[in-house]
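These notes are about the structure you will find just below.
Coordinate-derived values only; no laboratory data. Small disclaimer: the values here were computed from a predicted structure and weren't measured. Cβ atoms come from the backbone with ideal geometry, glycine included; neighbour counts cover every protein chain shown.
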Amino acid sequence: MITYLGDKIDIRLAAFIGIVFAFAATCFLLQKFSGLLPTDQGREYAHDGKLSAGKPRGAGFIFVLVFLVAAVLFIGIEREMVIYLILVAAAMMTGFLDDCSKAPWGEYKKGLLDLIIAVMVAVTFLNFNSNAVDLMLFKTTVSVPPVVFGVLIVILVWVSVNVTNCSDGVDGLSGTLTIVTLLSIYVLDRMKGTDENYNYLILLFVICLLGYLWFNATPSKLMMGDAGSRAMGLFISIAVLKMGSPFLYVLLALVLILDGGLGLIKVSLLRFLKIKILTNVRTPLHDHVRKVWGWSNTQTVYRFAIIQIMIAVGVVYMVSLLA
């Protein structure tokens with residue numbers, strides 16, 4: 001991390017400057033250059049999807065770039081982190097190219113690119129870390145065979161990228177849920193005493209997201225697009241892996257999983273196995289609660305966030321009892 005005299009006070013000052021820089025740069029660049037972003041065409045089948053037509057999308061390109069610059073400037077990065085940052089940039093770029101495309105990329109093309117990134121995350125993590133998994137809720141550690149662990153990492157990354165992407169359909173929703181999830185991981189990291197650089201990396205990502213939400217709060221002025229949502233999903237998976245307890249992803253990102261994941265399961269079962277499930281439930285769930293239950297956009301964001309915060313507080317409390 002950048003320091004001025006090398007003592008702890010200056011480290012804290014540098015950390016604060018980094019946070020201010022990340023927020024200010026995100027807000028300034030989004031304000032200045034959002035007009036250069038591609039515009040949304042509106043989603044035909046989403047509830048109120050046509051209301052987004054004409055708004056700039058792909059804002060993830062800007063806030064992810066600010067995050068990457070802030071990480072390089074304010075963190076003492078090493079090889080493993082460099083690889084992760086490159087992969088986050090890759091996820092952002094694949095999403096941004098899709099945002100810019102006149103014809104949306106096919107599901108299989110995007111799925112394959114996600115799979116490649118997921119494999120690279122797995123190889124990187126296993127190369128720099130052990131195959132031990134901390135089961136924090138049971139205060140025990142287990143060793144998972146490297147091959148099995150690698151497959152599980154690929155599944156984790158692919159799921160995280162895609163459920164986060166599918167949750168991006170209401171102003172402020174996916175960004176808010178991502179912040180709740182990442183801050184939950186940050187708190188658990190602090191309790192465990194894990195790598196300080198990765199803790200601070202989480203904060204920088206959260207701050208850049210807050211800068212984006214400044215413009216994305218209902219009624220939004222711009223949208224993150226796949227450039228933001230895919231990078232967010234990838235970063236969540238990396239953060240939970242570096243925490244050492246990847247199975248906690250299920251609880252710490254439960255609302256994202258249910259909101260975005262049920263639709264993936266529903267479509268996959270129907271397409272490949274001709275099995276119909278949840279026939280009376282609109283997916284993603286944020287469309288169901290707005291169309292069927294009559295929730296407003298603001299109610300959807302607040303209530304989904306409240307549910308995730310409640311779960312996160314419960315997890316943190318249970319872990320603290322075992323500390």
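Numerical summary
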| read-out | value |
| --- | --- |
| Taking the chain and dividing mean pair separation by its residue count, relative contact order in percent (alpha carbons under 8 Å, at least six apart) | 24 |
| Backbone HN-Hα couplings from phi across region 280-289 [Karplus 6.51/-1.76/1.60, Hz, Gly and Pro as x] | 9, 10, 7, 10, x, 4, 5, 6, 5, 5 |
| Difference of contour (0.36 nm per residue) and Cα-Cα distance, residue 11 to residue 109 | 30.9 nm |
| Residue 183-residue 303 pseudo-label distance in nm [points 7 Å out on the Cα-to-Cβ vector] | 2.2 |
| Candidate lysines for bridging to residue 266, where Cα separation is under 17 Å - those fewer than 8 sequence places away on the same chain excluded | 274, 276 |
| Nonlocal amide H pairs with residue 75, under 5 Å, H built at 1.01 Å | 2 |
| Cα-based reach from residue 291 at 16 Å (exclusive), listing lysines while leaving out same-chain residues under 8 positions away | 50 |
| Amide hydrogen neighbours beyond the local backbone of residue 39, cut-off 5 Å, H modeled | 57 |
| Mean Cα-pair separation over length for region 152-251, i.e. relative contact order, pairs under 8 Å, 6 or more apart, % | 45 |
| Residue with peak Gaussian network fluctuation, the chain [Cα springs, cutoff 10 Å], from 16, 215, 63 | 16 |
| Filter on 221/242; 32/102; 109/139 - keep pairs with C-alpha separation over 29 Å | 221/242; 109/139 |
| More than 33 angstrom apart: percent of Cα pairs within the chain | 23 |
| Under 5 Å, built H, 5+ apart or other chain: amide partners of residue 135 | 140, 141, 142 |
| Estimated vicinal HN-Hα couplings, Hz - region 141-154 in sequence order (Karplus 6.51, -1.76, 1.60; Gly, Pro = x) | 10, 10, 9, 9, x, x, 5, 5, 4, x, 5, 5, 5, 4 |
| Phi to ³J(HN,Hα) by Karplus 6.51 cos²θ - 1.76 cosθ + 1.60 over region 183-198, Hz, x for Gly, Pro | 5, 5, 5, 4, 4, 5, 4, 5, 5, 7, x, 7, 3, 4, 5, 6 |
| Inter-probe distance in nm under a simple model that places probes 7 Å from Cα toward Cβ, at residue 128 and residue 79 | 1.0 |
| 222 nm mean residue ellipticity, helices alone, for the chain (DSSP H n ≥ 4; -39,500 (n - 2.57); rounded to 500) | -23500 deg cm²/dmol |
